[in-house]
Amino acid sequence: MAAARGSAGKPAAERRTDPDESAAYTAEPFVPRGADLAALREAAAGCRGCPLHREATQTVFGAGDPGARVVLVGEQPGDQEDRQGRPFVGPAGQVLTRALDEAGIDPTETYITNAVKHFKFGHLPGRGKRRIHKSPSLREISACRPWLTAELSLIDPELIVALGATAGKALLGSSFRVTKQRGMLLPVPEEGARECVVATIHPSAVLRADDREAAYQGLVSDLRVVAEALGRP
Ligand code: URA
Ligand code: SF4
């Protein structure tokens, strides 16, 4: 069905906002100026800034405390999030909530979102309808960045947590390496002087790790860097 929905047969006005493979991908024209979070969320539901909206069920916008001191940034919605329309409601979210608690950060006092707001997936041959997560490309990450920029500027947190490589790239640039840069306070190039990023592994990586316990403890220890920074006067 999606294959039949290329831009060729569409009216000119729609073609302009529904980029084909050769067009620049960007959410920019869909982000309303001066909007509050509720208005941003509503506008994001209609984003067509890159092709990912075509196959996904819905836009999964950020959620949580709009006055949060910490914003957590994941990669993209997973299967459950795509169905439910909320970030981190699946297995990765459970790991994250437990790790936050253990690190001394109240999950209800955070705001959580994703670098890319539509679920990217494929199918494995012979595996039926099961949707398999695919990593977003740099082009898709950068297309979706205006939403993250808008969320961060409204919430204006003290700290941002990059969960995994995709979030790290969105916040710190494409040369970001989680193995080299995790667990330390890093300045954010774009977000002004006040905020710092702490990068860590993605909670899904805990679930995939050979040694889950070690991976989980690594996540908790990086989140403690965040808790400590928040505790400083
Ligand atoms: N993984 C993510 O990065 N984000 C979600 O919302 C769920 C799983
Ligand atoms: Fe828009 Fe981001 Fe969805 Fe692409 S992934 S359509 S840029 S909201």
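The values are calculated or read from the model by the stated rules, or taken from the named source; none is laboratory data. Not measured: the values here are computed from a predicted model. Here the Cβ is made from the backbone with ideal geometry for all residues, glycine too, and neighbour counts use every protein chain on show.
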Filter region 47-92 down to the residues that are buried (at least 17 other Cβ atoms within 10 Å of the Cβ) and of a type in the set (Asp, Glu), then identify the one that is farthest from ligand 2 (Cβ to nearest atom).
Asp65
Near pairs, Cβ below 6 angstrom, 6+ apart or cross-chain, from region 192-217 (surrounded by fewer than 20 Cβ atoms within 10 Å (Cβ to Cβ)) to any residue that is part of a loop (DSSP other than H, G, I, E, B) and at pLDDT 95 or above
Ala215/Ala209
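Please work out which residue is surrounded by the most Cβ atoms within 10 Å (Cβ to Cβ), limiting yourself to region 113-130 and to residues that are closer than 30 Å to Leu172 by Cβ and either small (Gly, Ala, Ser) or away from ligand 2 (no atom under 16 Å from the Cβ) (or both).
Taking region 113-130 first, the residues closer than 30 Å to Leu172 by Cβ are 113-122.
If we keep only those that are either small (Gly, Ala, Ser) or away from ligand 2 (no atom under 16 Å from the Cβ) (or both) as well, we get 115, 122.
Details: Ala115: 26, Gly122: 9.
Residue satisfying both the conditions and the ranking: Ala115.
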Take Ser135 and decide whether it is hydroxyl-bearing (Ser, Thr, Tyr) and either without any contact (Cβ under 8 Å) to a residue 24 or more places away in the chain or within 17 Å of Val197 (Cβ to Cβ) (or both).
no
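Each row is one residue, and each column tells you yes or no for (1) in a helix (DSSP H, G or I); (2) under 26 Å from Asp36 (Cα atoms); (3) in contact with a Ser or Thr (Cβ under 6 Å, 6 or more places away or on another chain).
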{"residue": "Leu124", "(1), (2), (3)": "no, no, no"}
{"residue": "Gly128", "(1), (2), (3)": "no, no, no"}
{"residue": "Ser135", "(1), (2), (3)": "no, no, no"}
{"residue": "Glu140", "(1), (2), (3)": "yes, yes, no"}
{"residue": "Arg145", "(1), (2), (3)": "yes, yes, no"}
{"residue": "Glu151", "(1), (2), (3)": "yes, yes, yes"}
{"residue": "Ala167", "(1), (2), (3)": "yes, yes, no"}
{"residue": "Ala170", "(1), (2), (3)": "yes, yes, no"}
{"residue": "Thr179", "(1), (2), (3)": "yes, no, no"}
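Among the residues of region 153-170, what is the count of those that are within 16 Å of ligand 2 (Cβ to nearest atom) and either among the charged types (D, E, K, R) or farther than 19 Å from His118 by Cβ (or both)? Lay out the reasoning, then the answer.
At the first step, the residues of region 153-170 found to be within 16 Å of ligand 2 (Cβ to nearest atom) are 166-167, 169-170.
Right, trim to either among the charged types (D, E, K, R) or farther than 19 Å from His118 by Cβ (or both) and you get 169.
So the answer is 1.
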